[in-house]
1. Could you list, in sequence order, the residues of the range 379-397 that are surrounded by fewer than 19 Cβ atoms within 10 Å (Cβ to Cβ) and not aliphatic (A, V, I, L, M)?
2. Restricting attention to the range 334-361, and to residues there that are crowded, with 19+ Cβ neighbours inside 10 Å and assigned to a loop (DSSP other than H, G, I, E, B), which single residue is modelled with the highest pLDDT?
3. If the requirement is being open to solvent by 40 Å² or more (accessible area, probe 1.4 Å), at pLDDT below 85 and farther than 21 Å from residue 148 by Cα, which of these qualifies: 23, 38, 16?
4. Identify the residue in the range 263-282 that is in contact with a helix residue (DSSP H, G or I) (Cβ under 6 Å, 6 or more places away or on another chain) and not hydroxyl-bearing (Ser, Thr, Tyr) and, among all such residues, is modelled with the highest pLDDT.
5. Collect the residues in the range 225-244 that are closer than 15 Å to residue 35 by Cα and of a type in the set (D, E, K, R), keeping them in residue-number order.
6. Out of 144, 161, I need the residue that is open to solvent by 10 Å² or more (accessible area, probe 1.4 Å), closer than 25 Å to residue 410 by Cα, among the polar types (S, T, N, Q) and assigned to a helix (DSSP H, G or I). Which one?
7. Which condition number does residue 411 fail, the rest of (1) in contact with a Pro (Cβ under 8 Å, 6 or more places away or on another chain); (2) in a helix (DSSP H, G or I); (3) more than 22 Å from residue 374 (Cα to Cα) being met?
8. If you go through the range 423-441 one residue at a time, do you hit one that is buried (at least 19 other Cβ atoms within 10 Å of the Cβ), touching a Leu at 6+ places or on another chain (Cβ under 8 Å), of a type outside the set (Ser, Thr, Tyr) and without any contact (Cβ under 8 Å) to a residue 24 or more places away in the chain?
Amino acid sequence: MATAPKEAANAIALEEIHMEGPEPPKGQKTFTVEEAVETIGFGRFHIALFLIMGSTGVAEAMEIMLIAVVSPLIRCEWQLQDWQVALVTTMVFFGYMVFSIVLGLLADRYGRWKILLLSFFWGAYFSLLTSFAPSYIWFIFLRTMVGGGVSGHAQGLIIKTEFLPTKYRGYMLPLSQVFWLAGSLLIIGLASVVNPTIGWRWLIRIASIPGIILIMVFKFIPESARYNVSTGNNAAALATLQRIAKMNRAAMPEGVLKEPPKERRGRFKDLLHPKYLRTTLQIWIIWLGIAFAYYGVILASAELLERDLGCTSRSTPIENSGPVSEEIRSPCYCRPFGPSAYRTMIISTAGEIALNPLNILGINFLGRRLSLCITMGCTALFFLLLNICTSSAGMTGFLFILRALVSANFNTIYIYTAEVYPTTMRALGMGTSGSLCRVGAMVAPFISQVLMSASFLGALCLFSSVCVVCAISAFTLPIETKGRALQQVK
């Protein structure tokens with residue numbers, strides 16, 4: 001049996017004791033972590049957990065959305081062409097993809113809490129360094145390292161999932177989207193003030209502050225009790241559950257904490273075990289497609305605003321469209337966002353929360369698979385509707401709905417992936433899914449920022465087709481996790 005090494009840092013100052021407890025006397029009552037979590041129920045601990053772990057979404061959103069609001073400025077400063085601007089986003093997600101697998105493996109072996117803390121130190125450090133980047137090459141390298149740090153934030157979702165009672169997961173996890181929305185709106189609002197005054201470098205420095213603050217409050221969150229029992233550290237798991245029960249003013253189940261025999265943790269081949277092979281492959285397809293669509297919408301919105309590509313400019317030949325088009329035709333054109341562009345970005349970003357109530361209802365009543373199938377199908381439809389000749393207000397409305405749909409897609413697949421895998425491979429499952437997700441995110445800039453300039457309809461059809469494939473994959477997933485207890489071993 002593999003055990004995690006002893007380490008000093010523990011969220012609740014527990015000494016890790018890596019040993020199996022003695023077998024309980026015959027006839028003595030026993031309980032599992034799952035039964036303890038359900039018996040203790042929802043309370044003050046979970047509210048604190050929701051606020052602290054949810055806030056990781058604020059830091060992550062600010063770091064990811066940062067590229068969309070600084071792209072016009074670095075284009076101007078370093079005279080970049082379209083493909084060079086797109087490459088910045090691609091390399092951020094390349095870092096995310098590579099480190100997502102590595103950190104997922106480490107989290108299953110050494111603990112969710114330690115990897116989450118490490119990822120925040122990593123992300124904050126390289127984010128601050130980015131603000132001093134002397135050249136385009138240094139900027140790309142440092143943002144790639146930031147992407148690697150941000151990839152560890154998924155461990156916050158896993159910790160929340162493993163502590164929440166079954167009936168609350170479908171309600172509380174989608175509400176975490178509020179934090180992502182807050183981070184996105186915050187970085188856009190800051191950019192509208194900071195970029196025109198003290199510059200994009202100060203914007204990056206300010207954006208690193210939430211991550212630094214979170215590092216200081218992580219000590220209030222314990223390591224996952226499910227992870228502790230998966231390593232044989234039942235003493236730490238029991239102490240964590242007792243602390244939660246005390247905070248929630250609830251009673252612990254009667255008996256002795258007991259778990260089934262442990263399996264090796266964090267093995268890639270477990271994801272391809274016949275029991276999970278089809279699920280894993282379909283999840284990977286869905287994650288890739290959802291990220292492709294999500295970041296495609298974000299970057300397409302920024303590109304449309306930067307180039308002022310409304311209906312008229314898409315349908316009018318460049319030769320007859322005046323001096324602005326001559327500037328846009330330049331490979332290194334320079335047009336920073338104005339106040340109206342920031343307003344439009346804020347409105348479309350606010351759409352991410354618009355469907356949250358319906359998404360929660362769908363997840364809990366229709367199930368994860370059917371809910372995801374419906375929202376992916378609607379996403380495909382609205383991508384095509386972007387080609388309709390309409391006013392700037394109409395375009396903003398379509399972008400608003402699209403942001404709502406792609407956000408709902410992410411909510412559902414995050415919940416499904418965290419629920420479908422057992423504890424011994426949950427972080428790895430999330431890590432590999434996150435890596436495939438970033439493959440889609442890496443391709444999206446070249447479609448939204450390069451292909452869309454050459455063929456607007458062609459880019460929209462590609463986005464729509466990928467969403468249709470994801471809708472079919474979601475509908476045919478072999479396991480429905482609605483109302484299903486989290487599995488401890490495979």
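The values are calculated or read from the model by the stated rules, or taken from the named source; none is laboratory data. Quick caveat: nothing in here was measured; it's all calculated off a predicted structure. Cβ atoms come from the backbone with ideal geometry, glycine included; neighbour counts cover every protein chain shown. The area values use the complete protein model at the heavy-atom level, side chains included, leaving out ligands, DNA and RNA. Shrake-Rupley method; radii C 1.70, N 1.55, O 1.52, S 1.80 Å.
1. Taking the range 379-397 first, the residues surrounded by fewer than 19 Cβ atoms within 10 Å (Cβ to Cβ) are 381, 384-385, 387-394, 397.
Hits for the range 379-397 are 387, 389, 390, 391, 392, 394, 397.
2. Top of the filtered list is 355.
3. On the way: 38 fails: at pLDDT below 85; 16 fails: open to solvent by 40 Å² or more (accessible area, probe 1.4 Å).
That would be 23, the only listed residue that is open to solvent by 40 Å² or more (accessible area, probe 1.4 Å), at pLDDT below 85 and farther than 21 Å from residue 148 by Cα.
4. Ranking the candidates gives 282 first.
5. Within the range 225-244, 226 is the sole residue that qualifies.
6. On the way: 161 fails: open to solvent by 10 Å² or more (accessible area, probe 1.4 Å).
From the options 144, 161, the qualifying one is 144.
7. So residue 411 meets the others, but not (3).
8. no
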